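Here the structure comes first, spelled out in structure tokens, and everything after it is commentary.
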């Protein structure tokens, strides 16, 4: 697991580099990949298999030290393929930016434990 604070841009929620396994399930795609960063508002999933922007999905995020994965619903807000982002200006590896549909209290709690232990204050409340 790699975990580092990302303070490059002002964001609604603090974002952290966070590599962990995630299972992504939509009506069109079922993949198990790895996250690259996460915040209380969403997650970036590294993958060359992408869903369309606007697709709703269920995610199972495997937080290290947690007894079971945290389930959260999300919607694809942006994708990157072959270095081209299809919503924002960032060049990045292939993958999808998935916004959480509602605040995932269980996920917030699990991440707060990790962030406070590994990175200091979290900004996740």
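Taking interchain pairs and intrachain pairs at least six residues apart, which have beta carbon atoms under 7 angstrom, with the first residue in the range 67-83 and exposed (fewer than 13 other Cβ atoms within 10 Å of the Cβ) and the second at pLDDT below 85?
Final answer for the pair search is 83/91.
Does residue 59 meet the test of being touching a strand residue (DSSP E or B) at 6+ places or on another chain (Cβ under 6 Å) and part of a loop (DSSP other than H, G, I, E, B)?
Values: touching a strand residue (DSSP E or B) at 6+ places or on another chain (Cβ under 6 Å): yes; part of a loop (DSSP other than H, G, I, E, B): no.
No.
Only one residue in 59, 49 is surrounded by 17 or more Cβ atoms within 10 Å (Cβ to Cβ), under 14 Å from residue 35 (Cα atoms) and modelled with pLDDT of 90 or more, so which one is that?
Just one listed residue meets the conditions, 59.
The values are calculated or read from the model by the stated rules, or taken from the named source; none is laboratory data. In this text the structure is predicted, and so the values were computed from the model without any measurement. Don't worry about glycine lacking a Cβ; one is built from the backbone with ideal geometry, like all the others, and counts go over all protein chains shown.
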